[in-house]
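Step one of this worksheet: look at the structure below.
Read-outs throughout are calculated quantities, based only on the coordinates presented, and are distinct from any laboratory measurement. Just so it is clear, the structure is predicted and the values come from calculations on it, not from any experiment. All Cβ positions, even for glycine, are placed from backbone atoms using ideal geometry, and neighbour counts span all protein chains on display.
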Amino acid sequence: MNSSIYIIPVLAFSLLLSACASFDEGTPQQVVVVSFPAEASVYIDGNATGITPLTVNLPRKLSHEIRLEKAGYNSAVKYFTPVPNDKNENFVRFGLAQDLGYYHDLEPGIMEAKMKSELVPNSTGADPFERMAQQALEADRQLQAGEVTPLEHKYIIEQILKFFE
């Protein structure tokens, strides 16, 4: 018996399954995730996905949570939700295009996160100048220890100064 006879039904079945997923979730849309500082861990809907900067394709008919984490910084979270696009206002719509989600886009299409350093305090404390000096010295220590890059150090110092203005 020829084994190639069985390949065609299996291939057709797998194509059918992927088409069903597209009907339920919609066709993928490209989403860009960037952060400062770079190299933050990206979690999409709770699943580890990669490191920033990152471009991913997400199903456009579903809502998504994107969370960024990096040691020494507060997490950043953004929600991507399907919203009607310009094609949604067409008087004539095609069923297949609607089933595949072509009348919706994920908004926003890009996540640009400026992550806040954990060295930036939540309150100024009793002596703001002493507190500011302590935080700046800790940032200097992290730079000397190689825990942060010079660019990240500059960013942290700017955040501390802005907080105490």
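Annotation for Q134 and N47: the two label points, set 7 Å from Cα along the Cα-Cβ direction, are 4.4 nm apart. Distance between the 7 Å Cα→Cβ label points at A38 and K78: 1.7 nm.
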